[in-house]
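Structure first, commentary second.
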Amino acid sequence: MSNTLPDWQGLVQITDSPLFNEIILITGLSLVAWIIWRIVLNRLEHIAEKTKVTWDNAVLHGMRSPISTLIWCWPGTVSLGLLLQEYFKHSLDWLVTLKLILIIFVVVWALYRIISNLEAEVLTKPERDPTTVQAISKLARLIVIIIGSLTLMQTLGLSLSGLLTFGGVGGLIAGLAAKDLLSNFFGGMMIYFDRPFKVGHWIRSPDRNIEGTVERIGWRMTMIRTFDKRPIYVPNSVFSNIVVENPSRMLNRRIYETIGLRYQDSTQVDKIIIDVKAMLESHPEIDANQTLIVNLNAFGPSSLDFFIYTFTKTVDWIKFHEVKQDVMLKVIAIIHDNNADIAFPTQTLHINETKVETDITTQ
């Protein structure tokens, strides 16, 4: 019992000391401030839910965790300073710097979260362009990080003028060493500015074996998902040197088919062509304002070939094939209604009857 008594006495002395009371008071005030912040935040979120605008929800959600962290960490640095002053008895100027670093970190964190939340909120609206929204949000986050980093360096006592001078020389060296990285970066910027395609577009290149749906446009590379579900990662600099087709921006899709009629149906060809053209002009899914041609085209080896050249109103790949199927079935019906039929490869064998009879008589 004699060995544990001094420990109890020391504990009583610590708990009765003014320093301990100050730390308990600071912690209690932090708890009260945190409770008030949560109540105010919940009230603001309840009000924001009733408003027509959506950006206020994104801002409040972005500030939730950073402000809560500041409420607990700021008093924690104060308590740490009191403890160190009590036991080490020396200047603690670095605690002021630590508090500034904490503020910078919280501000950058909050702005980063707000930008990300606003991006997610804007992307929920179908009329917004995902590529533009993502480009602006990435640029905004990059600016926040750069400003936060420069402010942090200045807080730590680094000279920004010397840093910028060194950065100029270092940037030249880094630019030469990372030429491909920079070319991909600026290639990505050109995609954002020129907008030859955006996320969700189907693109292909006749110069390269690239075809698929764009899933992500990054700072360095673009991810394309092929139709057999394989991902392709294309460096952005490649797009400045190749031709890119964007079928997603087609205004119409073309139907171009050649149909062969039997030679014995030659008297019905003109009537069939007129009926097919009338059918296409009245078809609800055919764009009659575009080029529409139905004409006899060639005398084939075993058929009279006429072709259909027209455009659908839809550009959707699946619906286009449904429209094309409907057109082809109606063409078959028109041919049959005119007592004709579609030709298939045939050969006609002509036998000289006189020669055959002479051979038979001789025998």
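The values are calculated or read from the model by the stated rules, or taken from the named source; none is laboratory data. Not measured: the values here are computed from a predicted model. For neighbour counting, all protein chains shown are included, and Cβ atoms are generated from backbone atoms with ideal geometry for every residue, glycine included.
So that you can scan it fast, the table gives a plain yes or no per residue for (1) more than 18 Å from Leu329 (Cβ to Cβ); (2) within 42 Å of the chain's Cα centre (by Cα); (3) not aliphatic (A, V, I, L, M):
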position	(1), (2), (3)
Asp265	yes, no, yes
Asp275	no, no, yes
Ala288	yes, yes, no
Ser303	yes, no, yes
Scope the stretch 276-289; condition surrounded by fewer than 18 Cβ atoms within 10 Å (Cβ to Cβ) and outside any loop (DSSP other than H, G, I, E, B); matching residues: Lys277, Ala278, Met279, Glu281, Ser282
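Table: residues versus (1) at pLDDT 75 or above; (2) within 26 Å of the chain's Cα centre (by Cα).
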position: Val122; (1), (2): yes, yes
position: Thr132; (1), (2): no, yes
position: Ile136; (1), (2): yes, yes
position: Gly162; (1), (2): no, no
position: Ile173; (1), (2): no, no
position: Leu181; (1), (2): no, yes
position: Tyr192; (1), (2): yes, yes
position: Phe197; (1), (2): yes, yes
position: Asn209; (1), (2): yes, yes
All positions within the stretch 290-309 that are over 19 Å from Lys319 (Cβ atoms) and not in a loop (DSSP other than H, G, I, E, B): Ile293, Val294, Asn295, Leu296, Asn297, Ala298, Phe299, Leu304, Asp305, Phe306, Phe307, Tyr309
Options Thr291, Thr312: the member that is in contact (Cβ under 8 Å) with a residue 60 or more places away in the chain, on the phi < 0 side of the Ramachandran plot, out of contact with any Pro (no Cβ under 9 Å at 6 or more places or on another chain) and of a type in the set (S, T, N, Q): Thr312
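Hey, can you tell me all the residues within the stretch 248-269 that are assigned to a helix (DSSP H, G or I) and either touching a Gly at 6+ places or on another chain (Cβ under 9 Å) or in contact (Cβ under 8 Å) with a residue 12 or more places away in the chain (or both)? Don't jump to the end; show me each part of the working.
Going residue by residue through the stretch 248-269, those that are assigned to a helix (DSSP H, G or I) are 248-249, 263-269.
Passing the criteria: Ser248, Arg249, Tyr263, Asp265, Ser266, Gln268, Val269.
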Residue count for the stretch 186-237, restricted to those that are loosely packed, with under 13 Cβ neighbours inside 10 Å and assigned to a strand (DSSP E or B): 2
Enumeration of residues in the stretch 133-153 that are polar (S, T, N, Q), over 12 Å from Leu118 (Cα atoms) and surrounded by 14 or more Cβ atoms within 10 Å (Cβ to Cβ): Thr151
